Structures are given as C-alpha cells and as structure tokens.
Amino acid sequence: MIGKLNHVAIAVPDLDAASRTYRDVLGAEVSAPQTIPAHGVTVVFVQLDNTKIELLHPFGETSPIKGFLEKNPNGGIHHICYEVADIVAAGQRMKAKGARVLGDGTPKIGAHGNPVLFLHPKDFNGALVELEQAS
Ligand code: CO
C-alpha cells in the first residue's frame, strides 16, 4: 500500500544551526524557514533528489514538537512520512489491521496541503508514521 518516502522529519532545538549543518556541512539545498501556525511548527525543507528532510522547530506553546524536544534536547528523528494513493482507504485499512490512528482517526490537512494521518509509534516499531495522500 505505501508508496514513496515523502519525507523524514527531524525535530531540532536550533533551526538556524540545523540549517547551517545541512547546507554547509552536508552540502544540501535548504529552504528559508516557513512557519505553519496551524501545525505549531517552523519548518526548513531540505530538498534531496529522491525525498525531503524536514527540520522541525516548535512554534507556540502548544506545539506538538515541544514535548519531544524536552525528552530529546539535542533533537532527533520525529517521524517518517510515506505516500499513499487514497488516505481514507489507508485509514480504513489501518483500523482493519488493528493499527492505531492518532487523534479522531479522520485525515487532517498536513504541512504540504495534502490530507494526512499519523499512526501510533507502538504499532510501528517505535517510529511515528505519517501517511500522506500523494498529490
Ligand atoms: Co511530516
């Protein structure tokens, strides 16, 4: 069912420092920071040939990244995102297979304007999984 790896998201305590690391040390193309208030994050996109890396920094007091950085003060891999053709069918399949969908189970519009679901890390080897409907 899952298709391409859409992105790997890394929570970072210092967005400027992380951007410099990707640009100056790893030699990658990095975007300017973009704040997405609805998701409580400021994001820098690192564009690779075959996928993206998203450097996530908390925005606002209720940011979903805040608790993660408290537990992982140096930052860390926050989630991985796989593309699916049909997000509603994917959600139904997860329920049928006994995998937990976070929240109320209905797709929400994600950081790229496409509908997404998040799956419980305990059902996926400790990794938070995002499913995004490919555009
Ligand atoms: Co994501």
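Read the figures in this text as sums done on the coordinates, not as results from a lab. Just so it is clear, the model here is predicted, and its values are computed rather than measured. Every residue, glycine as well, gets a Cβ built from its backbone with ideal geometry; the counts of neighbours run over all protein chains shown.
Derived scalar couplings between HN and Hα for the stretch 18-29 equal 5, 4, 5, 4, 5, 7, 8, 8, 8, x, 9, 8 Hz in order, rounded to whole Hz, by the Karplus curve 6.51 cos²θ - 1.76 cosθ + 1.60 (θ = phi - 60°), x for Gly and Pro. Computed on the Cα trace of the stretch 5-133, the radius of gyration divided by the Kirkwood hydrodynamic radius gives Rg/Rh = 0.97.
In this structure, A17 and I77 have a Cβ-Cβ separation that, at R0 = 22 Å, corresponds to a calculated FRET efficiency of about 0.80. With K and R counted +1 and D and E -1, the other residues having a Cβ less than 13 Å from that of L56 yield a net charge of -1.
Listed values for the stretch 94-105 are Karplus-derived 3J(HN,Hα) couplings in whole Hz (6.51 cos²θ - 1.76 cosθ + 1.60, θ = phi - 60°), namely 4, 4, 5, 8, x, 8, 7, 9, 6, x, 8, x, and x replaces Gly and Pro. In a fully extended conformation the segment linking I36 and K66 would gain 9.3 nm over its present Cα-Cα distance, using 0.36 nm per residue. Considering Cα pairs under 8 angstrom that are at least six residues apart, work out the relative contact order of the stretch 5-133 and quote it in whole percent. Reported as a whole number, the value is 24 percent.
For the stretch 113-127, putting each phi into the Karplus relation 6.51 cos²θ - 1.76 cosθ + 1.60 with θ = phi - 60° gives couplings of x, 10, x, 9, 10, 10, 10, 5, x, 5, 8, 9, 6, x, 10 Hz, in residue order, rounded to whole numbers and with x for Gly and Pro.
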